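Presented below is the structure to which this report refers.
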Amino acid sequence: MRQSTGSMLCPNCRKLISVDEPRCPYCGTMRPGLWGFGPWLSSLFGGKLDLVVILMGTCVLLFAFSIALDPAAALRPANPLDILSPSSRALYRLGMTGGWASAAGAWWTILTAIYLHGGPLHILFNVMWIRDLGRAAEDVFGPARFFVVWTAAGAGGFVLSNLVGMYSADGPSPTIGASGSIFGLLGAMIAHSRRRRSTLGSGVSRQMIQWAVLLFIFGFMMRGVNNLAHLGGFATGFLFGRMLPGAAERREGRTMQITAILLVTATLVAFVLTIIRGSIAFGR
Ligand SMILES: [Zn+2]
């Protein structure tokens, strides 16, 4: 993980420099080697990590796990349409947000719920969106910014739906899914291509706006869809798309890479807290 001697490429100007340089002699970037952790960060975000595949894999793995936690409920459901859908109990134990989690003050579930899904179609659609839209957004923004948008939009969607839910008689509804993050990616892509105003950009933008509108309408037509999370995710993503430069405009800097690493860590910590809290509340 740590490389304390030898040379590396400056993360800012890409010139060959020494890892232990206090500042880049060419562009003046402070601590380009980041006390030896710089090269590791650069390789992670320079193609060593395939974030899209990791996100898809995490969703699929957790879906399988949520069924395995309570197989009877998923394999012999009361309603035949719910076949292969994990039970609420299993989903709460893995980090569903709203409902019991909100009542218990488990606010970190706004991060864990992003990776959970309620049924085969829910996960199939979302994984397909991650594969296509996720890859496109990663190309446009770069992997670190992509993960920041993904996480902020997913969490932003759940914050909105949980907050609004607090004013309803029943409290926030239990909710899960990567849809808020996916809407956030759409929002970010639309904001980005509108800001760039290129001919290609406007075509991409039109296509994305069509998808967003269709998905919103689709959400209102189906039961049990958290439209507020879609809206909150889209708004958050749009805001980030306005602020963040694209990969072609500016290379991802250390600050963005470290922010992404901190968000990965926060998500992992949220899963650990959920497992501890769940085993206290629901037994082993
Ligand atoms: Zn430099």
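Per-residue answers, yes or no, for (1) at pLDDT below 90; (2) surrounded by 18 or more Cβ atoms within 10 Å (Cβ to Cβ); (3) among the small types (Gly, Ala, Ser):
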{"residue": "Thr199", "(1), (2), (3)": "yes, no, no"}
{"residue": "Gly203", "(1), (2), (3)": "yes, no, yes"}
{"residue": "Phe218", "(1), (2), (3)": "yes, no, no"}
{"residue": "Asn227", "(1), (2), (3)": "no, no, no"}
{"residue": "His230", "(1), (2), (3)": "no, yes, no"}
{"residue": "Gly241", "(1), (2), (3)": "no, yes, yes"}
{"residue": "Arg254", "(1), (2), (3)": "yes, yes, no"}
Report those helices (runs of 4 or more DSSP H) wholly inside segment 104-158 carrying at least 2 residues which are among the aromatic types (Phe, Trp, Tyr). 120-129
Go through the residues of segment 4-25 one by one and say whether even a single one is open to solvent by less than 50 Å² (accessible area, probe 1.4 Å), within 16 Å of the ligand (Cβ to nearest atom) and small (Gly, Ala, Ser). yes
Please verify whether segment 73-80 includes one or more residues that are surrounded by 15 or more Cβ atoms within 10 Å (Cβ to Cβ) and either modelled with pLDDT of 90 or more or within 14 Å of the ligand (Cβ to nearest atom) (or both). no
Please work out which one of (1) away from the ligand (no atom under 16 Å from the Cβ); (2) free of Cβ contacts under 8 Å to residues at least 24 places away in the same chain; (3) under 30 Å from Gly154 (Cβ atoms) is the condition Gly46 fails and give its number. (1)
Would you point out the residue of segment 26-38, among those that are within 11 Å of the ligand (Cβ to nearest atom) and open to solvent by 10 Å² or more (accessible area, probe 1.4 Å), that is farthest from Met256 (Cα to Cα)? Tyr26
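The values are calculated or read from the model by the stated rules, or taken from the named source; none is laboratory data. These numbers were taken from a predicted model, which means no experiment stands behind them. Note that we place each Cβ from the backbone using ideal geometry, even for glycine, and neighbour counts take in every protein chain shown. When the accessible area is computed, the model is the full protein with side chains, heavy atoms only, and any ligands, DNA or RNA have been set aside. Shrake-Rupley method; radii C 1.70, N 1.55, O 1.52, S 1.80 Å.
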